[in-house]
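K.L.:
There's a structure below that I have some questions on.
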Amino acid sequence: MCKKLALGLAAATLICSSALAQEVTLRAVSAFAEKTTYSRGFEKFIDRVNADGKGVIQINYIGGPKAMPPFEVGNALKTGVVDIANTTGAFTTNVMPESDAWKLTERPMSELRKNGGYDYMATIYAQKMNAIFLARLVDNNPFHLYLNKPITAPDLTGLKIRITPVYRDFFQALGATVVQTPPGEVYTSLERGVVDGYGWPITGIFDLGWHEKTKYRVDPGFYTAEVSVLVNKTTWDKLSAAQKAVLNKAAQLGESEATAEFSAENAKDTKRQADAGIQTIKFDAAAAESFRTKAYQTGWEGIIKQSPEHGAKIREFFSKAK
Ligand code: 173
C-alpha cells in the first residue's frame, strides 16, 4: 500500500496512515459493579460502540470494582492504565476535586453544554485528569439518606453514616459521624452495625441486596447523581475522525436518554422500596425545605473550599438563580 510516491514526505505519510488505519481497541473499566444500575448505561454505550464500530473502533470491557477499586479509576484513566471509564465525580476527587460538583447541577446537560458549564468543566478534566468528559449517563436521579434508626428531624447527632465525598459536608453539618466506603462495602458495614445508615441515590439499593439491611429512607432527596464516560485524552487525541465519531454518536444517544430513563427508574425503585417494607421518614414542609437548602449550601461550600480557584465559577453555571 505504501508505495514510494513522487510526493513530499508529509503527503506520503498521510496516504500511508489513512490507507493503513486500523481498528483500535480501548480498554474500559467501570467504578460500579457489572450489570448493576450505574454500569448499565455504560454497558449499553459499549454495545452501541462495538456494533457501530466494527473495523473502526472496539471497546474491551475489563469489568467493574473486581477489576479495579472505584477510588482508583480516576488515576488509572489519567495515567492511561485504562483508556475509557465509567465513573462518578465523587470517586475521582483525588485527581480533580471539582469533579464532585456535578452532583449540584440544577440544569440539564443539554443546557450546560450551551451555557459554558460543560466547557468550563471539560477544560479542568483535560488539565487535571488528562481526560475527555464524553457523556453524562446518569442525571435526574436524587440522592437520599437511608437509615436503620428513626429520626424525627434533620439531625444526625450520634449516628454513624456511610458516605462518599457526595454526602460528606452535608451529613457532617447535620451532626453525623461519617465513614467513607466504596459501594462494595456497604452491605457488610450495615450487617455488622458499623454504620446506622448510608447515602445513595433513589435507585440501585436492590442491586447489592442492601434492602435486606435497610429500615428507613429519608425524604426529600437532594442533589442529582452523575455517572459519566471519560476517555484518556492521550488516547482520544490519537483517534481518527471516524473513530471519534463512533464514540460521540453513542455518547450523545446515552446522554440524551438519561433524564427520561431515570424518571422511570426513580418511580420504579420508590415503589419497590415501599413493597420491600422500607418505611419513609418525611419531614414537614418547613423542615424539608431547610434540609434541601442546607444540602446545597454545604455542598457548594465544600466544593469552593476544595477549589477556591474554580468552585464559585462552576456554581454560576450549574445553579439556578435564587
Ligand atoms: O454513594 C456513592 O457511592 C456515590 O457517591 C454514588 C454516586 C453516583 C451514583 C451512585 C453512587
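Where a number appears in this text, it was derived from the coordinates with a stated rule and is not lab data. The structure displayed is predicted, hence computed values, not measured ones. Please note: Cβ atoms are built from the backbone with ideal geometry, for glycine as well, and neighbour counts cover all protein chains shown.
K.L.:
Helix-derived [θ] at 222 nm for the chain: sum -39500 (n - 2.57) over DSSP H runs of at least 4, divide by residue count, nearest 500?
P.N.:
On the way: 11 runs with 137 residues, N = 322.
After summing the helix terms and dividing by residue count, I get -13500 deg cm²/dmol.
K.L.:
Moving on to the next point. By how many degrees, between 0 and 90 and to the nearest 10, does the Cα long axis of helix 9-19 differ from the longest principal axis of the chain?
P.N.:
60 degrees
K.L.:
For Cα pairs less than 8 Å apart in space and 6+ apart in sequence, what is the mean separation divided by the residue count of the chain, i.e. the relative contact order in percent? List each step's numbers first, then the result.
P.N.:
On the way: 576 pairs, mean separation 74.4, N = 322.
For the chain, the relative contact order is 23 percent.
K.L.:
From the Cα trace of the chain, what convex hull volume per residue do you get, rounded to a whole Å³?
P.N.:
That works out to 134 Å³ per residue.
K.L.:
How far apart, in nm, are the 7 Å Cα→Cβ label points at Gln279 and Ser256?
P.N.:
So the two model labels end up 4.6 nm from each other.
K.L.:
Using a simple spin-label model with points 7 Å from Cα along the Cα→Cβ vector, what separation in nm is obtained for Asp47 and Asn148?
P.N.:
Reported label-point gap for Asp47 and Asn148 is 3.6 nm.
K.L.:
If the chain between Asn60 and Lys305 were fully stretched, how many nm would it gain, using 0.36 nm times the residue separation less the Cα-Cα distance?
P.N.:
On the way: separation 245, 0.36 × 245 = 88.20 nm, distance 3.80 nm.
Working it through step by step, the gained length comes to 84.4 nm.
K.L.:
Report, in whole Å, the centroid distance computed from the Cα atoms of segment 208-239 and segment 267-322.
P.N.:
Between the Cα centre of segment 208-239 and that of segment 267-322, the gap is 15 Å.
K.L.:
If you don't mind, there's one more thing I want to ask. Provide the net charge surrounding Leu147, with neighbours chosen by a C-beta distance below 9 Å and charges set as Lys +1, Arg +1, Asp -1, Glu -1.
P.N.:
Working: positive: Lys149, Lys215, Arg217; negative: Asp196.
For residues surrounding Leu147, the net value is +2.
K.L.:
Report, by chain and number, residues whose modeled amide H sits under 5 Å from the one on Trp200, excluding near sequence neighbours (fewer than 5 apart, same chain).
P.N.:
Under 5 Å from the amide H of Trp200 lie the amide H atoms of His144, Tyr146, each far enough along the sequence or on another chain.
K.L.:
What FRET efficiency would be calculated for the residue pair Val179, Asp237, taking the C-beta separation as r and a Förster radius of 56 Å, to the nearest 0.05? Please report the intermediate quantities before stating the final value.
P.N.:
Values: r = 40 Å, r/R0 = 0.71.
Efficiency for this residue pair is about 0.90.
K.L.:
Around Arg162, under 10 Å between beta carbons, what's the net of Lys plus Arg minus Asp minus Glu among the other residues?
P.N.:
Values: positive: Lys160; negative: Glu185, Asp196.
Counting the neighbours of Arg162, the net charge comes to -1.
K.L.:
Next question. How much of the DSSP beta bridge set in segment 142-226 is antiparallel, as a percent to the nearest 5? Walk me through the numbers before you get to the answer.
P.N.:
On the way: 9 of 15 bridges.
Percent antiparallel among DSSP bridges in segment 142-226 is about 60.
K.L.:
Let me ask you something else. Please list, in chain and number order, the residues 5+ apart from Arg217 or on another chain whose amide H is under 5 Å from its amide H, with Hs placed from the backbone.
P.N.:
Amide H neighbours of Arg217, under 5 Å, 5+ apart: Leu147, Gln279, Thr280, Ile281.
K.L.:
Let me ask something else. On full extension of the chain, what length is gained from Ala264 through Glu316, given 0.36 nm per residue of separation minus the C-alpha to C-alpha distance? It would help to have the intermediate numbers written out before the result.
P.N.:
Working: separation 52, 0.36 × 52 = 18.72 nm, distance 2.95 nm.
Stretched out fully, the Ala264 to Glu316 stretch lengthens by 15.8 nm.
K.L.:
Then there is this: Order of 191-201, 158-168 by packing, highest average Cβ count within 10 Å first? Walk me through the numbers on the way to the answer.
P.N.:
Values: 191-201: 19.5, 158-168: 21.7.
Answer by packing, highest mean first, reads 158-168, 191-201.
K.L.:
Okay, next question. So for the pair Thr123, Arg192, with labels modelled 7 Å out along Cα→Cβ, what separation do we get in nm?
P.N.:
Going by the 7 Å Cα→Cβ label model, 4.6 nm.
K.L.:
Based on the mean of other beta carbon atoms within 10 Å per residue, what is the order of 226-232, 132-138, 288-294, 68-74, most packed first? Don't jump to the answer; show the numbers that get you there.
P.N.:
Details: 226-232: 26.0, 132-138: 24.3, 288-294: 15.1, 68-74: 20.9.
Peptide ranking by packing, descending: 226-232, 132-138, 68-74, 288-294.
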